[in-house]
Amino acid sequence: MLSCLVALHFGAQADDDKMISVNQLPASAQQCLKQHFSSEKVAYAKVDEDWFDKDYKVIFTNGNKVEFDKQGQWTEVDCQYSQLPTGIVPKAIANYVQQNYPEVKILKIERDKHDYEVKLNNRLELKFDLQFRLIDID
């Protein structure tokens, strides 16, 4: 029974969100914020530490958010109702959207080790592989 209690205690601590200041983000995350979001006011920043991983989330007062991995590379940028900042979206993806959906704005982009997912303001979601080839439309 004691081992179960210990396992529950450490399991609860494994998923620990902690509020931090922007200065506590990795340098590359701070640079991304300065470059692409310098005019936005940060509501809060937090770090989520798991057993073997760490990620960061920055929420702005207008509701936009950016998530970063432990190295400070963005993994998700969500601007909800406004277009993503120029330069965040890889050029090949931005070109594809501009050529095929010229009147549409990119509101959200996510990336992981397998692909990129882009959400457009016309409710389409596009998925690209790591070579920026379109692999799915939803």
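The values are calculated or read from the model by the stated rules, or taken from the named source; none is laboratory data. These numbers were taken from a predicted model, which means no experiment stands behind them. Note that each Cβ is placed from the backbone with ideal geometry, even for glycine, and that neighbours are counted across all protein chains shown.
Note on region 69-104: among residues that are touching a Ser or Thr at 6+ places or on another chain (Cβ under 8 Å) and over 21 Å from Gln131 (Cα atoms), the one that is surrounded by the fewest Cβ atoms within 10 Å (Cβ to Cβ) is Gln71. Answer yes or no as to whether Ala29 is outside the structural domain of Glu125 (by TED's automatic domain parsing), outside any helix (DSSP H, G or I), modelled with pLDDT of 95 or more and in contact with a Gly (Cβ under 9 Å, 6 or more places away or on another chain). The answer is no for Ala29.
For region 116-136, a residue qualifies if it is within 16 Å of Glu76 (Cβ to Cβ) and either surrounded by 14 or more Cβ atoms within 10 Å (Cβ to Cβ) or not assigned by TED's automatic domain parsing to the domain that holds Val97 (or both), and the qualifying residues are Tyr116, Glu117, Val118, Lys119, Leu120, Leu126, Lys127, Phe128.
Among residues that are touching a strand residue (DSSP E or B) at 6+ places or on another chain (Cβ under 9 Å) and not charged (D, E, K, R), Gln73 is included. One residue stands out among those in region 84-101 that are closer than 24 Å to Phe37 by Cα and either of a type in the set (Asp, Glu) or assigned to a loop (DSSP other than H, G, I, E, B) (or both): the one that is modelled with the lowest pLDDT, which is Thr86.
State which residue is farthest from the chain's Cα centre (by Cα) when the search covers only region 43-75 and only residues that are among the charged types (D, E, K, R) and farther than 15 Å from Leu25 by Cβ. The qualifying residue farthest from the chain's Cα centre (by Cα) is Asp50. Scanning region 28-54 for residues that are farther than 18 Å from Asp17 by Cα, in contact with a strand residue (DSSP E or B) (Cβ under 6 Å, 6 or more places away or on another chain) and aliphatic (A, V, I, L, M) yields a total of 0. Residues being at pLDDT below 95, assigned by TED's automatic domain parsing to the domain that holds Gln24 and small (Gly, Ala, Ser) are represented in region 39-53 by at least one member. Every condition in (1) under 23 Å from Lys127 (Cβ atoms); (2) at pLDDT below 95; (3) among the polar types (S, T, N, Q) holds for Ser3 except the one numbered (1). When Asp48 is tested against (1) in a loop (DSSP other than H, G, I, E, B); (2) in contact with an Asp or Glu (Cβ under 9 Å, 6 or more places away or on another chain); (3) charged (D, E, K, R), only condition (1) is not met.
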